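J.: Mind looking over this structure? Questions follow.
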Amino acid sequence: MALVTRFDTPASVRDLPANSAFYDDWHNFLAGSLNTTAATGTATGEFYDASEVNVNVLAERSLVWMAFPRQVLVAHRDDRRAAFVEADGDVARRDPQNEYCEWHVTRDTAGKITKVVFVTESPEYWQRLWAAHRAAVVGLYQTLVDPAVSEADLRVGGPGSDYNQFNRFNTTDGIVHLIQNINTLSAALGLSQQSIHTGAARDNYETPPPGLRTSVDPRVKCDIGALARTGLSLTLREPIGLYITGYDDTGWTKPDGSPVDDYWRIVRGSPGRILRLAYEVPAGAGFVVGDLLIGGRRIEWGGQIAEHVTCTVAGMAGTRGRG
Amino acid sequence: MKPGDTDAPIDDQFGDLMEQIGKLEPELPKDISISALGGDPAEELPGAEPEPVYDVKRRSNIQGDIIPGFNKDHQHFLFLRLENLQQAKQWLKWIAPLITSMEEALAFVRVHRALRLRLGVKEPSMRATWVNIAFSYRGIELLAGTAEAEAFGDQSFRQGLAARSTYLGDPTDPQHPGHSSHWVVGGPEQEADVLVIVAADDHGDLVSSVQRIKNRAKQSGLQLLFEQRGDTLPGPLRGHEHFGFKDGVSQPGIRGKVSTAPGDFITPRYLDAVDPRARFFAKPGQLLLWPGQFLLGEPRQHTEDLYSSAPAAATGSSFPYWAALGSYLVCRRLRQDVPAFWRFAIATASTLGMPTLTFASLLVGRWPSGAPVMRTPAADDAALAGDIWANNHFIFNDTTRPSMLRPIPGYAGDTFPQAAADLLGSVCPHFAHIRKTNPRDIATDLGKPHDSMLRMILRRGIPFGDPLVGVKRPSQHLLRQERGLVFVCFGSTIEDQFELLTRRWSNSPIQPNFGGHDPIIGQSDRRGARERFIDVPAPGGTRRVTLDDEWVIPTGGGYFFAPPIEAIAGVLSA
């Protein structure tokens, strides 16, 4: 594989004209975050920066994990209802949603869910976009959340101040990107790179350190660690990003008992590389999301849908080339 | 081709394959002692967390099909509906003493093993007839009251199999033969309140026992909705399912002891203490699980740790007090369309340019003998299949390290080539049935392999119907007969064990890993579209193969609860 000349934006989205300096800035951010590093412990492979190192790619592999936080699920092992309540509960910080996927629930006046939006976009992207073109960020918020959004709603202070990722249109009144404390692209990149250091582990039973209660962290640690033990060179596949790759509405039914129609809508990204996914029954159907049943159970929380949303990050493995 | 189209022509290749598989006979290790009675102190691991002791009283309260399982050649399933409750309760009092406990079944197994050793024969002449019983949510509600039934925390159990059918991928199209409206039992308005399982070594014993129970049930006003006879396949195919593959090779080992005597474990331990895997494997490849994964109220598997226990779910909040030591039972009557499976295998193998048996074994992950593809990728190996210390010893992501076993008299050790690392699924594909339903060391969409241990079930199924395997030229009459599997499993949750394995992994082309659906039991139903696919390893990548036919069709079943034996003549018939 040829060297990556410029790291692309997640899902290759184009929020600014192609000639914007923003894209070089994004490349520099990623290139600065990735370091070519030899593995340690029992592994003999390496993590490499694809903009610096040429590798003959032998295989690509997409790692998947459940969007609903496993940590919450196992904490309420005998009470799924309590897990759903907790996962949906913290709309200001979305702290329980720590699987690099967060969601926002919209309800009607009767309290029924009308829409659930899932995102995997990183705060780093939006901070850099803000720095490059505030009006574009405001325009995107207006399109994605509410036409009434103004620049003042999105900044921390007066004119010219920094972007406020905890603005109300990305917390209580909507969602645009990840805000949970550890849901950053930097954290994901760090996890990927650190995972080549497998210590004394000889297999996955010996790999995950205690305390990793999420799905995603052990998943990445196990898979990258095992690849590193094969002696291969590893990196993340372009365009580097955190994505939604699957959603499964098998066995979901309308109020009349018939199977649901396809109510999913990819708002940003593309199939397999979804950045923003909405679940909403079209107006005029005579019912809303909160009237649907999953396996005979009425949808009362966004987390019930999140259980059936699958996230992914893609990697590549190969051997060092000569060119 | 529609599912169930048994009139489709079959060719010579099909007959040849059926004949070939019918001749398979796994080689059993010779002159090997298996676990001393009363335990072996050397099995104890220094510093290990003490495991619960199941004394006679507790063993006598646990139904024997849960532990150690009814491993009988003949079984009969009675699906009953409660009518007159007072009479039904009398019937329960009558049947309660007939229920076989863990104590009886385990004693039989131990004596059987001892006789094998002493007499040096494979099948010493011993016979028994065993009975177990389970109840649906409605059955418990009728017998013990709504409050008791609602105290069961597993929502899927409370809903029942029919209500969860399409969630499990069953057909949504009412015209499809697998739609719940066509089920022989367990569909809407046809759900059984009581399931009785009778198992026997001898056909005649089974028939007379079943007849006795049926007669008494009829006199007590119970309605027999459906009955199903099950038999292991004959001769060398004993233990195989109808497609011809050895089934049930891999079962979890249950932690716990029969007595306080050192080493008197329910599941014999074969790994030497110097092997760190002795802390979580009973024998190579057999993971040890805390009994609360299968028995309500017992210490369970820790969610983050391979060998520590976690407290049981609290009595009263997750199940009624009287349900402790009981287990949820899932029953699925699955029809197998053997010609359809092999038609697909023959045609696809030809397209891919590989031998049919090789391709079919990739679908399962084991060869017909039961030998794992991971350990013998090129050809079947009956000797490997017959070696119980080797036939389940492999992991997927890393090269499998040999196990260090305690001395086993007469056993020369596992000398078969160990499995090489197969992280990318190029040897045993990601879609392979055994890789989907038992990911072993693989990380999954739920994280570390420790989590996968929470999903394991005890499988207790048995085939039904006359086999085609072993028959070179089957008659039209034989071809048209129904055959399949009465799938039965036990667990302490239906939703997080059976349903998760089925929906989240078997039915998904991307979970636990990308690579396609489980081509054996996986189903897909997207608004009526039932197409599945598999990504078959090929030089330079994979080739996607579409599965536009179905060979496992649901035809009935139910969600039940197998209570502790004391509850049958107690709270359920009070």
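J.: Can you give me the number of residues within segment B:160-201 that are at pLDDT below 95 and at negative phi?
T.: Selection size over segment B:160-201: 2.
J.: Quick check on segment B:369-388: of everything there that is open to solvent by 30 Å² or more (accessible area, probe 1.4 Å) and in a loop (DSSP other than H, G, I, E, B), which residue is modelled with the lowest pLDDT?
T.: The selected residue is B:388.
J.: Taking segment A:255-264, which residues are open to solvent by 20 Å² or more (accessible area, probe 1.4 Å) and within 11 Å of chain B (Cβ to nearest Cβ)?
T.: Of everything in segment A:255-264, those that are open to solvent by 20 Å² or more (accessible area, probe 1.4 Å) and within 11 Å of chain B (Cβ to nearest Cβ) turn out to be A:257, A:258, A:259, A:261, A:262.
J.: Oh, and also: I'm trying to understand the selection: among the residues of segment B:489-547, which are in contact (Cβ under 8 Å) with a residue 40 or more places away in the chain, acidic (Asp, Glu) and more than 10 Å from chain A (Cβ to nearest Cβ)?
T.: B:518, B:535
J.: May I ask you to verify whether residue B:203 is surrounded by fewer than 19 Cβ atoms within 10 Å (Cβ to Cβ), more than 14 Å from chain A (Cβ to nearest Cβ) and touching a strand residue (DSSP E or B) at 6+ places or on another chain (Cβ under 6 Å)?
T.: Criteria met by residue B:203.
J.: Pull up segment B:548-561, narrow it to residues that are buried (at least 20 other Cβ atoms within 10 Å of the Cβ) and either touching a helix residue (DSSP H, G or I) at 6+ places or on another chain (Cβ under 6 Å) or not in a strand (DSSP E or B) (or both), then point me to the one that is farthest from the other protein chains (Cβ to nearest Cβ).
T.: Looking at the filtered set, the residue picked out is B:551.
J.: Determine which single condition residue B:119 fails, assuming it passes every other condition in (1) more than 14 Å from chain A (Cβ to nearest Cβ); (2) aliphatic (A, V, I, L, M); (3) open to solvent by less than 40 Å² (accessible area, probe 1.4 Å).
T.: The one condition residue B:119 does not meet is (3).
J.: Does residue B:152 satisfy the criteria of being touching a residue at least 40 places away in the same chain (Cβ under 8 Å), closer than 23 Å to residue B:295 by Cβ, more than 22 Å from the chain's Cα centre (by Cα) and within 14 Å of another protein chain (Cβ to nearest Cβ)?
T.: yes
J.: Further question: In segment B:389-411, is there at least one residue being free of Cβ contacts under 8 Å to residues at least 12 places away in the same chain, part of a loop (DSSP other than H, G, I, E, B) and surrounded by fewer than 24 Cβ atoms within 10 Å (Cβ to Cβ)?
T.: yes
J.: Conditions first: (1) at pLDDT below 95; (2) touching a helix residue (DSSP H, G or I) at 6+ places or on another chain (Cβ under 7 Å). Residue B:442 passes all but one, so which condition is the exception?
T.: Unmet condition: (1).
J.: So which residues in segment B:302-345 are part of a helix (DSSP H, G or I) and either buried (at least 18 other Cβ atoms within 10 Å of the Cβ) or within 20 Å of the chain's Cα centre (by Cα) (or both), if there are any at all?
T.: B:322, B:323, B:338, B:339, B:340, B:341, B:342, B:343, B:344, B:345
J.: Among the listed residues B:79, B:70, B:108, identify the single one that is touching a Cys at 6+ places or on another chain (Cβ under 9 Å) and surrounded by 19 or more Cβ atoms within 10 Å (Cβ to Cβ).
T.: B:79
J.: Those residues that are of a type in the set (Lys, Arg), touching a residue at least 40 places away in the same chain (Cβ under 8 Å) and either open to solvent by less than 10 Å² (accessible area, probe 1.4 Å) or within 11 Å of another protein chain (Cβ to nearest Cβ) (or both), I need them from segment A:191-244; list them, please.
T.: A:202, A:213, A:219, A:229
J.: Are there any pairs, at least 6 apart or on different chains, whose C-beta atoms fall under 7 Å, with the first in segment B:193-222 and among the basic types (Lys, Arg) and the second open to solvent by 10 Å² or more (accessible area, probe 1.4 Å), and if so, which?
T.: Cβ pairs passing all conditions: B:214/B:224; B:216/B:94.
J.: If you go through segment A:130-180, how many residues are β-branched (Val, Ile, Thr) and either open to solvent by 60 Å² or more (accessible area, probe 1.4 Å) or in a helix (DSSP H, G or I) (or both)?
T.: Summing the residues that are β-branched (Val, Ile, Thr) and either open to solvent by 60 Å² or more (accessible area, probe 1.4 Å) or in a helix (DSSP H, G or I) (or both) in segment A:130-180 gives 5.
J.: For residues in segment B:412-428 being in contact with a helix residue (DSSP H, G or I) (Cβ under 6 Å, 6 or more places away or on another chain) and either within 17 Å of residue A:226 (Cα to Cα) or open to solvent by 50 Å² or more (accessible area, probe 1.4 Å) (or both), which is farthest from the other protein chains (Cβ to nearest Cβ)?
T.: By that ranking, first place goes to B:428.
J.: Looking at (1) in a loop (DSSP other than H, G, I, E, B); (2) open to solvent by less than 10 Å² (accessible area, probe 1.4 Å), which one does residue B:473 not meet, given that it meets all the others?
T.: (2)
J.: Is segment B:8-15 home to any residue that is modelled with pLDDT of 85 or more and not polar (S, T, N, Q)?
T.: Yes, that holds for at least one residue.
J.: For segment B:440-456, enumerate the residues that are in a loop (DSSP other than H, G, I, E, B) and either out of contact with any Leu (no Cβ under 7 Å at 6 or more places or on another chain) or within 8 Å of another protein chain (Cβ to nearest Cβ) (or both).
T.: Once the filter is applied, which keeps residues that are in a loop (DSSP other than H, G, I, E, B) and either out of contact with any Leu (no Cβ under 7 Å at 6 or more places or on another chain) or within 8 Å of another protein chain (Cβ to nearest Cβ) (or both), segment B:440-456 yields B:440, B:441, B:442, B:443, B:445, B:446, B:448, B:454.
The values are calculated or read from the model by the stated rules, or taken from the named source; none is laboratory data. Only a predicted model underlies this, so the values are computations on that prediction, with no experimental measurement involved. Quick reminder, even Gly has a Cβ in these numbers, built from the backbone with ideal geometry, and neighbours come from all protein chains shown. With ligands, DNA and RNA removed, areas are computed over all heavy atoms of the protein, side chains included. Shrake-Rupley method; radii C 1.70, N 1.55, O 1.52, S 1.80 Å.
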